[in-house]
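Following: one structure in structure tokens, then a few remarks.
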Amino acid sequence: MEPTIFDLILQKEIPADIVYEDAHVLGFKDVNPQAPIHVLFIPKVRIATHNDLDADNIDYLSRMHLAAKEYAAEVGVADEGYRVVMNCNGHGGQTVYHIHLHFLAGRQMLWPPG
Ligand code: AMP
């Protein structure tokens with residue numbers, strides 16, 4: 001698999017505005033924010049899409065959600081609310097093929113998302 005831009009961020013070869021890090025997950029600000037707070041949580045291993053989740057790597061997904069939950073509390077939006085979303089492949093709107101949880105907050109979200 002070709003490395004993605006997120007592999008370069010994980011290897012600290014290109015800069016990112018990192019807001020969260022633990023042994024398994026990195027969180028950094030999206031360069032093209034769609035809300036006042038827009039952070040991407042990624043696993044520290046390459047999982048290309050939601051379709052590539054399996055019994056061996058599923059713990060990463062839980063850890064990404066836990067990281068997002070902790071971050072929501074840290075930035076004070078847990079009670080007012082936020083959105084977590086993952087895009088898969090073309091119709092899902094995925095552009096970077098290293099799974100990432102979008103964390104969006106700081107405004108009223110709309111539904112359907114478009
Ligand atoms: P998706 O369309 O779900 O694959 O989301 C990819 C996201 O990555 C987009 O919201 C981009 O703005 C964001 N993105 C792309 N390159 C970078 C980067 N170098 N640093 C931070 N976010 C990025």
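The values are calculated or read from the model by the stated rules, or taken from the named source; none is laboratory data. Quick caveat, the model's predicted, so the values are computed rather than measured. In this analysis, Cβ positions are derived from the backbone assuming ideal geometry, glycine residues included, and neighbour counts consider all displayed protein chains. For the accessible areas, the whole protein counts, side chains as well, though only heavy atoms, and no ligand, DNA or RNA atoms are used. Shrake-Rupley method; radii C 1.70, N 1.55, O 1.52, S 1.80 Å.
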### Summary
Scanning the stretch 12-25 for residues that are open to solvent by less than 40 Å² (accessible area, probe 1.4 Å) and in contact with a Lys or Arg (Cβ under 6 Å, 6 or more places away or on another chain) gives 25
### Query
Could you say which residue among 2, 21, 13, 74 is within 13 Å of the ligand (Cβ to nearest atom) and not aliphatic (A, V, I, L, M)?
13
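The rows are residues; the columns are (1) over 22 Å from residue 11 (Cα atoms); (2) assigned to a loop (DSSP other than H, G, I, E, B).
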site	(1), (2)
46	no, yes
54	yes, yes
74	yes, no
113	yes, yes
#### Entry: the stretch 26-60, residues that are in contact with a helix residue (DSSP H, G or I) (Cβ under 9 Å, 6 or more places away or on another chain) and either surrounded by fewer than 19 Cβ atoms within 10 Å (Cβ to Cβ) or of a type in the set (S, T, N, Q) (or both)
44, 45, 46, 49, 50, 51, 53
